[in-house]
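Just below is one structure, and these are the notes that go with it.
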Amino acid sequence: MSAKSVAGVLVGSIVGAAAGFAAGVLLAPRTGAESRAMAADAVNDAWDTAVDSYERGTRIVNEKISATRPDMGATTDELRAKVDLARERMDQLRDSLSENVTSVSAQVQDAVSNVTDKVAAATASPFEPEAEAEGVHVEVVEDEPEAPAADETPAE
C-alpha cells in the first residue's frame with residue numbers, strides 16, 4: 001500500500017469516529033446518567049439471575065444428597081451386619097478346626113504310642129517261629145512242560 005492510501009484510510013477513520021460520536025450525543029434518547037442506570041440495572045438483573053440459578057442448583061443437589069443418605073445408611077448397616085456375621089462364622093470355624101486338629105493329634109499320638117509299644121515288645125522278646133498250622137496241606141504244582149520247538153522232535 002502506498003503512503004497516500006494509508007493516510008486516506010486514517011483520516012477517513014478519524015472523521016467517521018467523530019461523526020458517529022456527534023450523532024450519538026445529539027440523537028441519544030436519554031441522558032448519560034439514565035443510560036448508565038439502565039446498564040447497571042441490566043447487569044444487576046443478570047447477576048440476580050445467576051445467583052438464583054446457583055441457589056436453585058445447590059438446593060436441588062442438597063435434596064438429592066439428603067434423599068440418598070438414608071439408603072446409604074441402611075446399606076452401610078446391612079453390610080456391617082454381614083461382615084460381623086462372617087467374622088463370627090470364621091471364629092466358629094477356627095475354633096472347630098482347632099478342636100479337630102487337637103483331637104486328631106491326640107489320636108495320632110495314641111497310635112504312635114501303641115506302635116512303639118508293640119515294636120518294643122517284639123524286639124524285647126526273642127523271635128520264636130510260629131508252629132506249623134495243623135490241618136493245612138500245601139500242594140506244589142509244577143508248570144506244564146513246554147511244547148517242543150518246531151525244529152526239535154519229541155524224544156521217545
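Of the conditions (1) under 60 Å from the mean Cα position of the chain (by Cα); (2) modelled with pLDDT under 85, E132 clears all except one; give me its number.
(1)
Which residues, counting only those in segment 1-50, are small (G, A, S) and either outside any helix (DSSP H, G or I) or in contact with a Cys (Cβ under 8 Å, 6 or more places away or on another chain) (or both)?
Hits for segment 1-50 are S2, A28.
Here are some residues: D48, D71. Which one is exposed (fewer than 10 other Cβ atoms within 10 Å of the Cβ) and acidic (D, E)?
None of the others qualify; the one that does is D71.
The values are calculated or read from the model by the stated rules, or taken from the named source; none is laboratory data. Predicted model, so just to flag it, every value in this text is computed and none were measured. All Cβ positions, even for glycine, are placed from backbone atoms using ideal geometry, and neighbour counts span all protein chains on display.
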